[in-house]
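FYI, it's all coordinate maths here, none of it is from the lab. Fair warning: this is a prediction, and the values are worked out from it, not measured in the lab. Neighbour counts run over all protein chains shown; Cβ positions are idealised from the backbone, glycine included.
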């Protein structure tokens, strides 16, 4: 630069000075942006009815809303697509080497939030725990036992052998329940310690787990990188309170609310998302003690007595349709040839008279849940039953009390509200059959059909045999078959990418505008 004229040296100097100033301004702007981002992180706040009592125990919660934190923290081996097909999760390939041995290939390059790599040891460690007495008592352990899993072994770093004691032609579908754990941390912390400080491969990791509130941070090592910086899940028991929190801006998603809230939510720019869950609602009958509902003609009569379509149209805003069987169209083995019971009160009265109850009878019933729409639905069911002489007396109970009756028996009623969840209809017969330790319904004639379906060695055979089970149960109903359960979530205007179909929330796809 010393060889340049004075004017040019000054121009060059000024040029570099300007560049320096611009660079400094750019750095300052970048620093300001970073500070602003740190001060205003992208945070999604979700209000739910209930949080899991077992905290982050990976093998405890199966269904929404209690499984919501687990879906953010953990990944499962397989997932379910919108057409009901099994899709890769942490597992990318599965092969049945024999009717009782499956070989699973895991996804490469996946890390847990503590830095551990996903390996076959992760899967073997989890399955070995679920085969212990303590593990079998957990929800996923109970499922694993139902499928006949007896052992797991690592073939190499990313390949797992799973042995079962009986054929399971659709084991990959069942693996949608299995969440992977970080093996070194699991062995160090134990099951209870791991639940208090859960470690997963999902898009979020727990920052603070307090009573009624879970705070999470983005997991930078997740193979499903989130768009959000933070996630908060709050327990707000009452649906009206969740709606108020949404419309006031305190939360971004109100999970499980009434469809009647649409107008108020849309008034503040939000939207009501409607979807059908993979579950079927029905009014279950306690048929294991002497009562009118022990007679199949009575059970058929009560199915004819309820105008399900009217309830759906007036209370659920047409969000679903009457079911013909206790599964949904994406259930493996759903029978498309079956038709729902028609609304026919005259036929209901004739069947009741034939069974010896021309003047009807009293039907004490328990209603599980706390949604206002549930009250309205079951009051309308009671009105329809009263029209054929059956007086249904409703009493509300908690979910915990319902579980007590399911697992210990002693039902103080003849009916109770029930839902069958999932993509394998045979799973529900674990408690809805003579095979359960404390059955509420026992139909010996269906048991050979269930066993034959479970023994199928190919998916095609399994599907066909399950359809026979569905047809038998349709004609011998264990309760009043209602509908595939619709759900309604309120979502704030600033939220994009939210959905809850297939009982799964893709937290890595959700974003918010600050």
Review point. Quick one: what does P(r) look like for the stretch 251-347 with 5 Å bins over all Cα pairs, in whole %?
Key: 2, 10, 16, 18, 16, 14, 10, 7, 4, 2, 1
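At 222 nm, what value in deg cm²/dmol follows for the chain if DSSP H runs of at least 4 each add -39500 (n - 2.57) and the sum is divided by all its residues, to the nearest 500?
On the way: 16 runs with 176 residues, N = 514.
Here the helix-only value at 222 nm equals -10500 deg cm²/dmol.
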Study note, to complete from the structure: Mean separation of Cα contacts under 8 Å (at least 6 apart) over the residue count of the stretch 276-487, i.e. the relative contact order in percent, is 39 percent
Practice item. Please work out the Cα center distance from the stretch 184-257 to the stretch 289-368, rounded to the nearest Å. Key: 39 Å
Review point. Based on the alpha-carbon gyration tensor of the stretch 118-170 and its eigenvalue square roots a ≥ b ≥ c, which shape applies: rounded if a/c is under 1.5, prolate if not and a/b is larger than b/c, or oblate?
Key: oblate
Revision key, fill the gap. Nearest-0.05 FRET efficiency for residue 290 and residue 263 at R0 = 41 Å, using Cβ-Cβ distance, is 0.25
Practice item. Kindly provide the pair-distance distribution of the stretch 110-250 built from C-alpha pairs, with 10 Å bins from 0 and whole-percent values in order of increasing distance. Key: 11, 32, 32, 18, 6, 1
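What is the gain in length, in nm to one decimal, between residue 111 and residue 361 on full extension, counting 0.36 nm per residue of separation less the C-alpha to C-alpha distance? Don't skip to the answer; put the middle values down first.
Details: separation 250, 0.36 × 250 = 90.00 nm, distance 6.04 nm.
Full-extension gain reported as 84.0 nm.
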Practice item. Consider all pairwise Cα distances in the stretch 333-401 and report the whole-number % of them above 17 Å. Key: 56 percent
Point to revise | Tail weight of P(r) past 18 Å, computed on alpha-carbon pairs of the stretch 75-187, percent | key: 46 percent
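I need to check one value: relative contact order of the chain, counting alpha carbon pairs closer than 8 Å and at least 6 residues apart, in percent. Walk me through the numbers on the way to the answer.
Values: 1030 pairs, mean separation 98.4, N = 514.
Over the chain, the number comes to 19 percent.
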Study note, to complete from the structure: Output ordering of 325-332, 166-173, 289-296 (per-residue mean of other Cβ within 10 Å, highest first) is 325-332, 166-173, 289-296
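Using only Cα atoms, figure out Rg for the stretch 380-435 and give it as a multiple of 2.2 N^0.38 Å.
On the way: Rg = 13.9 Å, N = 56, 2.2 N^0.38 = 10.2 Å.
In units of the globular-protein estimate, the stretch 380-435 measures up at 1.37.
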Check your understanding: Using a Förster distance of 25 Å, how high is the FRET efficiency between residue 437 and residue 386, based on the Cβ-Cβ distance and rounded to 0.05?
Key -> 0.10
Check your understanding: Given the Cα-Cα distance of residue 310 and residue 95 and 0.36 nm per residue of separation, how much length would full extension add, in nm?
Key -> 72.7 nm
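Counting only DSSP beta bridges with both residues in the chain, tell me the antiparallel percent, nearest 5.
Details: 56 of 74 bridges.
Within the chain, antiparallel bridges account for around 75 percent of the total.
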Practice item. State the percent of C-alpha pairs, over all pairs in the stretch 276-487, separated by a distance greater than 28 angstrom. Key: 24 percent
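Pull out the extension gain between residue 376 and residue 184, defined as 0.36 nm times the separation in residues minus the alpha carbon to alpha carbon distance; nm, one decimal. Could you put the intermediate results ahead of the total?
Values: separation 192, 0.36 × 192 = 69.12 nm, distance 5.04 nm.
Roughly 64.1 nm would be gained on extension.
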Practice item. Only one of the values (1) 28.2, 106; (2) 26.1, 84; (3) 27.4, 117 was calculated from this structure for Rg and Dmax of the Cα atoms in Å; name its label. Key: (3)
Review point. Going by average Cβ neighbours within 10 Å, how do the peptides 91-103, 112-124 rank, with the highest at the top?
Key: 112-124, 91-103
Exercise for review: Provide the packing ranking of 339-352, 484-497, i.e. peptides ordered by the mean count of other C-beta atoms within 10 Å per residue, highest first.
Suggested key: 484-497, 339-352
